[in-house]
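The values are calculated or read from the model by the stated rules, or taken from the named source; none is laboratory data. Everything quoted here is computed from the prediction, not taken from an experiment. As a convention, Cβ positions derive from the backbone with ideal geometry for all residues, glycine included, and neighbour counts pool all protein chains shown. All accessible areas refer to the heavy atoms of the entire protein, side chains included, with ligands and DNA or RNA removed. Shrake-Rupley method; radii C 1.70, N 1.55, O 1.52, S 1.80 Å.
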Amino acid sequence: MKIRHLLLAIALVGAQSARAQFGSFGDIPIEITADGETRFMGGVAIAENNVVIHYGTISIYADYAQYNPDTRDVLVVGNVRIYRDGHLFVGERALYNLESKLLRTGEFRSASFPYFFEGESVSSLQGNAFQVNDATVTTSDSSKPDYRMKAGTVRIYPGSHVILTNVKLYLGRTPVFWFPFVYQSLARNEGFNFTPGYDSNWGAYVLTQYGFPISKDLHGLFHLDLRSKRGVGFGLDVLGDYGRDKKSWLHLRTYYANDSSTGTNPTANRQEEVSPDRYRISFQDRTFFTEDIYASVDFNKLSDRRFLRDFYPSEYKNNPQPDSVVSVTKRSENYALSGILRAHPNSFFDTTQRLPEVVLDIKRQPIFGSGIFYEGETGVVNLRRDFARVDDVVTAPMDHYQAVRLDTFHQFVMPKTINGWLSVVPRIGVRGTYYTAGARSAFDDVMESFIEQGLNLNQDARTLHQRSTNSPVFRPVFNAGVESSFKFSREWEQVQSRAWGLDGLRHVVQPYTNFSYVYSGKNPDELLQFDRLNPSTQLPPIDFPQFTTIDTISSWTIWRLGVRNRLQTRRDDRTISWLDMDSYFDINIDKPDFPGASANMGTLSNFYNRLRWVPLPWLSFGLDTQLPLTAEGFTQVNTSMNFLVSPDLRLTLSHRYLDSNPYFSNSNNIRVGGYYRVNDNWGVSFREQYEFQDNVLEVQEYAIHRDLSSWVASLGFQVRDNFNPSSTKRNELDYSLILTFTLKDLPSISLPVAFDPSSMAGSGDSE
């Protein structure tokens with residue numbers, strides 16, 4: 001029969017002595033239930049047949065159990081399952097101490113995400129950790145795992161790390177590697193990895209990485225890379241989170257390569273000579289001193305301007321000219337006060353230094369419940385613009401120019417809703433900017449002598465010289481404007497379509513307008529240009545403080561008109577956007593006189609239209625267009641589509657068309673890609689990019705994928721055609737061959753052998 005609370009009998013026999021001996025241990029009840037015979041012999045409780053033991057968060061299941069209240073030992077035999085702190089141990093026999101949590105068992109199986117393991121015996125360590133002897137470890141949840149590691153001992157610290165000793169790596173039944181010691185973090189990419197491959201710029205290569213703990217909060221990554229064409233490279237990274245709640249973090253990256261082929265040029269562009277001693281030192285850090293005061297550091301020192309392109313190509317595409325900035329920020333609900341120092345450690349890049357800058361940003365906030373809101377920004381900065389030097393020769397018409405700039409901006413806005421439907425937000429603001437006299441450089445003296453001799457100078461050189469030697473300048477700015485919008489909608493409940501994922505349809509229309517008037521007391525051409533407006537195909541902001549390029553502020557009167565359309569439907573008990581479209585254009589009543597850009601602006605801007613359509617989970621479509629409304633305009637059409645044709649076939653298509661833009665070359669570029677699942681084990685993928693403007697197939701990527709249960713192995717081949725139509729008018733082909741192994745269950749965690757280049761320093765992607 002089933003008997004609950006077997007220890008009630010123990011309590012009746014020796015309650016006083018047990019309570020005295022074990023103290024508060026008895027405050028947590030021990031419950032034993034069983035379907036079979038239960039008895040109490042020699043001070044030991046015995047239960048048989050479907051035994052269940054509960055003690056706090058510990059649950060034990062077995063066919064047979066003995067409990068000794070003096071030692072707190074539980075002996076369980078037959079179909080043993082022990083649940084403890086979220087972990088399951090499965091075996092045939094175990095001895096577990098409820099007080100010390102020490103577990104001793106014979107052959108068993110268990111899991112600690114992402115690992116499954118079994119062993120001859122297991123014993124508890126301090127805390128929740130435990131040690132497995134003669135263990136087999138894998139991430140494959142299969143009776144016949146495709147890979148596994150056999151280790152003499154495995155110490156597992158749940159949520160932290162795993163330590164293996166005397167390790168053999170098996171692929172199937174074949175041993176392929178032996179490691180005396182393996183440390184693998186469960187939270188970080190630590191352990192040994194290597195990536196083999198071939199690249200036409202590197203030759204045959206092997207990139208190796210070993211991760212190891214430095215302290216409780218820090219871990220390191222050591223890189224040793226061999227490239228047949230470029231030689232040996234090595235580096236050390238240090239990463240970690242620290243401080244209260246681990247909010248602070250740091251990342252130090254160092255790398256050195258003795259480049260045996262510095263003249264390699266994959267770009268079809270002319271390039272300068274560099275030293276074979278090539279390196280980087282990169283340090284990023286954010287330290288929280290309090291909840292609202294923190295410091296940020298971003299320092300990047302490179303040996304030459306081509307280092308990232310040659311050794312970190314993926315990083316180079318995203319950030320070819322890394323910055324170096326140190327800042328300290330104090331934040332509150334109403335303001336942010338920042339001190340900024342921007343240095344110039346790489347003389348081969350153009351840089352605007354800030355030596356230093358202090359800025360007070362006051363967030364938009366109400367004024368005494370009046371309905372009027374105030375926002376502002378005030379800063380003082382010592383600015384210096386340095387131009388790139390190559391072989392100690394400046395590449396611009398000046399050596400440098402500099403000035404101290406004091407800028408203060410104040411704006412008042414008054415949001416209103418009229419008649420419950422019309423939103424109106426008028427604004428008015430003032431700004432004052434003071435520049436000290438520009439400091440002279442050695443190059444100024446040379447240019448001044450040229451001017452005195454009546455020699456013809458490049459107009460840019462003459463203008464920059466005049467700006468840098470004039471007297472102090474004060475520029476007042478006044479801005480005013482109003483934003484307005486309203487919404488109306490209509491619903492069609494009868495619109496039902498399973499094929500297009502429609503359960504009712506609501507159309508929301510939001511016309512909007514933004515009128516912006518700005519008066520500037522100085523034309524930007526009269527000012528030293530530090531914060532500049534970079535060339536872009538997009539319209540610049542016409543509101544303040546969103547318009548951040550202070551030195552390019554010009555007088556303008558612009559009226560922006562637009563309308564947003566949104567189609568919504570119900571899906572999975574919630575409202576989703578089925579289609580979004582935003583259409584707008586600017587009327588330049590008084591065109592802004594941005595340096596170098598005013599001649600390309602008409603009375604009417606392009607007509608902009610942005611559309612996003614996601615009718616179904618397996619289909620998405622995007623369309624961004626700019627169509628000219630005047631002769632000064634240009635045409636841009638960007639299209640993208642993702643389409644799951646069938647459960648086995650996925651296709652992607654994108655197209656970029658650009659014509660008559662004053663800053664960028666014409667382009668007619670199409671990119672296609674796809675993945676086809678041949679069967680349960682095999683798949684193929686491809687990606688191609690073709691430029692119709694030059695009739696060049698720029699990128700070809702082809703890969704074969706093999707599903708290995710726990711892993712996906714991929715063999716990929718890539719060809720890049722780096723054609724330069726404007727300069728050398730020649731093609732440079734770049735070939736790559738790479739083998740990758742990706743752990744499906746947890747791609748970010750690497751086991752002792754992993755061929756994923758995304759985690760390797762030399763591959764171009766940083767940690």
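Counting only protein heavy atoms and a probe of 1.4 Å, the accessible surface of the range 461-585 is 53% carbon and sulfur. Amide H contacts under 5 Å for Gly203: Lys229, restricted to partners 5 or more places along the chain or on a different chain, H placed in the peptide plane at 1.01 Å from N.
Normalised by residue count, the range 211-268 yields a Cα convex hull volume of 98 Å³ per residue. What does the extension gain come out to for Asp707 and Asp525, with contour length at 0.36 nm per residue minus their alpha carbon separation? Stretched out fully, the Asp707 to Asp525 stretch lengthens by 59.3 nm. Amide H contacts of Ser324 (H built 1.01 Å from N, in plane; Pro and chain starts excluded): Ala343 sit under 5 Å, all sequence-distant by 5 or more or on other chains. Shown here are the Rg and Dmax of the Cα trace of the range 586-712, at 20.3, 65 Å.
Using the Cβ-Cβ distance between Trp618 and Asn666 with R0 set to 41 Å, the FRET efficiency from 1/(1 + (r/R0)^6) comes to roughly 0.75.
Each label point was placed 7 Å from the Cα along the Cα-to-Cβ direction; for Trp249 and Phe288 their separation is 1.2 nm. Taking label positions 7 Å along the Cα-Cβ direction at both Val297 and Ser536, the computed distance is 3.1 nm, reported to one decimal. In the range 646-726, which chymotrypsin sites (Phe, Trp or Tyr not before Pro) fall in coil by DSSP and have 14 or fewer other Cβ atoms within 10 Å? Those that pass, being in a loop and sparsely packed, are Tyr663, Phe664, Phe692. Computed over the range 480-614, the quotient of the alpha carbon radius of gyration and 2.2 N^0.38 Å is 1.40. Sorted into 5 angstrom bins from 0, the C-alpha pair distances of the range 49-92 split as 6, 23, 33, 26, 12, 1 percent. Computed extension length for Lys229-Tyr210: 4.5 nm, one decimal, from 0.36 nm per residue of separation with the Cα-Cα distance subtracted. Shown in residue order for the range 92-99 are the 3J(HN,Hα) couplings computed by the Karplus curve 6.51 cos²θ - 1.76 cosθ + 1.60 at θ = phi - 60°: 10, 7, 7, 10, 10, 9, 5, 7 Hz (x for Gly and Pro).
Normalised per residue, the accessible area of the range 248-288 is 46 Å², obtained with a 1.4 Å probe and no contribution from ligands, DNA or RNA. In order along the range 653-658, the phi-based Karplus estimate (6.51 cos²θ - 1.76 cosθ + 1.60, θ = phi - 60°) of 3J(HN,Hα) comes to 9, 9, 9, 10, 10, 9 Hz; Gly and Pro are listed as x.
Using alpha-carbon positions, what is the distance between the centroids of the range 44-111 and the range 501-542, in Å? For the range 44-111 versus the range 501-542, the Cα centre distance is 68 Å.
3J(HN,Hα) along the range 226-236, derived from phi through the Karplus expression 6.51 cos²θ - 1.76 cosθ + 1.60 where θ = phi - 60°, amounts to 10, 10, 5, 8, 10, x, 9, x, 8, x, 10 Hz, with x in place of Gly and Pro.
With Cα atoms as the point set, the range 175-322 shows a radius of gyration and Dmax of 17.8, 54 Å. Between Asp134 and Asp580, the FRET efficiency from the beta-carbon distance, with R0 = 51 Å, is close to 0.30.
The amide H of Ser620, built 1.01 Å from its N in the peptide plane, has Asn642 as neighbours under 5 Å, considering only residues 5 or more places off or on other chains.
Remark: relative contact order (the range 161-264) = 16 percent; criterion is Cα-Cα distance under 8 angstrom and separation of 6 or more residues.
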